[in-house]
Amino acid sequence: MENNHQENETNHSKFKTVSNPGNYNAVYELEDKPKKKSNFGRNVVLPFFSGVVGCAVVLGTCFGVPTIRNQIMGTTNSDSSNTSNTQASGYVDQVSLSNYSDTAVYAANKILPSIVGIQIEYNVTSMFSIFGGNQSSTATATGSGIIISDDGYILTNNHVVSSSEAEAYYQVSEATKITVTLFNDEKQYDAKIIGTDEETDLAVIKIDATGLTKAEFADSDSIKVGEFAMAVGSPLGLQSTITCGVVSAVNREVTDSDGKTYTLIQTDAAINAGNSGGALVNSEGKVIGVNTLKLTGDDVEGMGFAIPINSTTDITSQLIEYSKVRRPYIGVTGMDLDAETAKKNHLVEGIYVKDVETFSAAEKGGIKIGDVIIKADGKNIKTMDELNEIKNSHSIGDEMTITINRDGEEKDLTLTLGEQP
């Protein structure tokens with residue numbers, strides 16, 4: 001773009017030097033000599049045609065230079081006709097990015113004081129060692145968080161602060177120490193876990209601080225595909241990092257490596273290790289999502305995902321109040337039956353009940369092992385996911401109607417939902 005700009009100005013300068021109307025008029029006046037009666041063609045016809053040719057040359061030159069042509073024709077860079085003419089003549093219009101830049105600067109300044117870096121320490125125990133016995137060492141990981149209250153509550157991902165896991169050769173403990181770094185002044189605080197929820201991959205931690213700048217939330221249900229999106233966090237431990245893109249999709253169902261399915265916002269704003277728990281914000285610097293995961297692979301680029309912020313508010317409130325999320329509970333272990341499997345086993349499509357938990361709502365309501373659940377609240381269902389979706393729309397203590405098929409006969413059962421242990 002810079003080279004094109006210089007070339008256009010050079011051509012414009014040549015135009016003023018070579019074909020300036022003032023110079024042309026000066027030449028014309030030199031050719032305008034006193035009339036002689038004896039030579040009509042020389043004194044009248046020749047100057048007339050010279051004037052016509054001269055005008056044609058000047059107009060042709062004018063229309064050959066985009067800026068002058070636009071002034072003569074009264075067109076702007078946004079006109080479709082001008083665009084096609086510009087492309088045909090080999091010129092490229094310059095596009096100002098100042099508005100986009102100003103948007104990014106505003107959004108960054110708005111959200112950065114509300115984002116923190118998180119460092120977690122773990123104990124890693126090796127199950128086998130060439131030196132014999134178990135050996136333990138300390139490991140660290142980084143993530144990000146969003147300040148949600150001025151007195152120190154911070155929203156982040158569950159997998160950032162709760163990484164307890166075991167493999168064949170090692171075991172990772174729960175976080176032994178959590179350190180929070182504020183972006184605006186680089187102050188560090190020890191943090192404690194208030195509550196975690198593995199099902200939604202959300203967690204709340206707290207630091208002993210006041211006067212913090214809490215983030216503003218937008219309505220994530222109203223976002224549109226294509227609108228501005230900025231991811232903010234600490235990728236690879238680099239504090240105060242922003243990346244910009246757009247909202248690539250909404251309500252995108254993504255299944256993680258553990259088989260959990262989430263409904264997320266998709267974005268092409270770069271999300272890297274350490275961005276987890278940070279914010280995805282709109283052009284106003286308001287949070288629309290919690291950065292959570294991205295797709296990786298040789299054929300993957302620019303596919304990151306964030307939990308819609310609207311879906312976090314109830315979870316956050318419960319984590320602060322109860323240190324967990326209180327969910328309704330039926331108490332059955334089921335297996336999805338497709339048409340082929342059901343036919344082979346002389347059953348109907350639905351959810352085959354493999355186990356019923358003692359003292360659960362299912363047992364108290366009359367569900368038995370071997371039943372096939374085919375409806376919930378009168379709605380046909382075929383999978384455990386569909387059953388859980390309807391169940392989660394209720395509260396603890398609500399009644400729920402379950403229709404089962406037992407030995408070829410349908411039966412309606414009423415369950416009083418308990419609390420998930």
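The values are calculated or read from the model by the stated rules, or taken from the named source; none is laboratory data. Bear in mind that the values here come from a model prediction, so they are computed numbers and not experimental data. With ideal geometry, Cβ positions are generated from the backbone for all residues, glycine too; neighbour counts draw on all protein chains shown. These accessible areas exclude ligands, DNA and RNA; they are computed on the full protein's heavy atoms, side chains included. Shrake-Rupley method; radii C 1.70, N 1.55, O 1.52, S 1.80 Å.
Side notes on the structure shown:
- Residue within the stretch 298-310 that is part of a helix (DSSP H, G or I) and under 28 Å from Ala229 (Cα atoms) present: yes
Listed here are the residues, each with its yes/no results for (1) of a type outside the set (Asp, Glu); (2) within 27 Å of Thr200 (Cβ to Cβ); (3) part of a strand (DSSP E or B); (4) touching a helix residue (DSSP H, G or I) at 6+ places or on another chain (Cβ under 8 Å).
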{"site": "Thr358", "(1), (2), (3), (4)": "yes, no, no, no"}
{"site": "Glu363", "(1), (2), (3), (4)": "no, no, no, no"}
{"site": "Ile369", "(1), (2), (3), (4)": "yes, no, no, no"}
{"site": "Thr403", "(1), (2), (3), (4)": "yes, no, yes, no"}
{"site": "Leu415", "(1), (2), (3), (4)": "yes, yes, yes, yes"}
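- Taken as a whole, the condition of being open to solvent by 20 Å² or more (accessible area, probe 1.4 Å) and either of a type in the set (A, V, I, L, M) or more than 22 Å from Gly152 (Cβ to Cβ) (or both) applies to Gly226.
- Members of the stretch 334-348 that are in contact with a helix residue (DSSP H, G or I) (Cβ under 9 Å, 6 or more places away or on another chain) and either open to solvent by 70 Å² or more (accessible area, probe 1.4 Å) or in a strand (DSSP E or B) (or both): Gly334, Met335, Asp336
- When the stretch 371-401 is filtered for residues that are more than 32 Å from the chain's Cα centre (by Cα) and in a loop (DSSP other than H, G, I, E, B), the ones remaining, listed by number, are Asp371, Asp377, Gly378, Ile396, Gly397, Asp398.
- The listed residues are Lys214, Lys206, and the only one of them that is surrounded by 12 or more Cβ atoms within 10 Å (Cβ to Cβ), of a type in the set (Lys, Arg) and in a strand (DSSP E or B) turns out to be Lys206.
- The stretch 266-283, residues that are open to solvent by 20 Å² or more (accessible area, probe 1.4 Å) and hydrophobic (A, V, I, L, M, F, W, C): Ala270, Ala273
- Filter pass, Ala191 being within 24 Å of Gln239 (Cα to Cα), modelled with pLDDT under 95, open to solvent by 10 Å² or more (accessible area, probe 1.4 Å) and assigned to a strand (DSSP E or B): no
- Among the conditions (1) within 15 Å of Glu357 (Cβ to Cβ); (2) β-branched (Val, Ile, Thr); (3) buried (at least 18 other Cβ atoms within 10 Å of the Cβ), the only one that Ile404 does not satisfy is (1).
- Selection within the stretch 217-241 - in a loop (DSSP other than H, G, I, E, B) and among the polar types (S, T, N, Q): Ser234, Gln239, Ser240
Yes/no matrix, rows are residues, columns are (1) of a type in the set (D, E, K, R); (2) open to solvent by less than 40 Å² (accessible area, probe 1.4 Å); (3) farther than 17 Å from Thr156 by Cα:
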| position | (1), (2), (3) |
| --- | --- |
| Gly237 | no, yes, no |
| Thr255 | no, no, yes |
| Lys260 | yes, no, yes |
| Leu264 | no, yes, no |
| Gly285 | no, yes, yes |
| Phe305 | no, yes, no |
| Asp314 | yes, no, no |
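- Residue, modelled with the lowest pLDDT, within the stretch 93-118, restricted to residues that are open to solvent by less than 80 Å² (accessible area, probe 1.4 Å) and touching a helix residue (DSSP H, G or I) at 6+ places or on another chain (Cβ under 8 Å): Asp93
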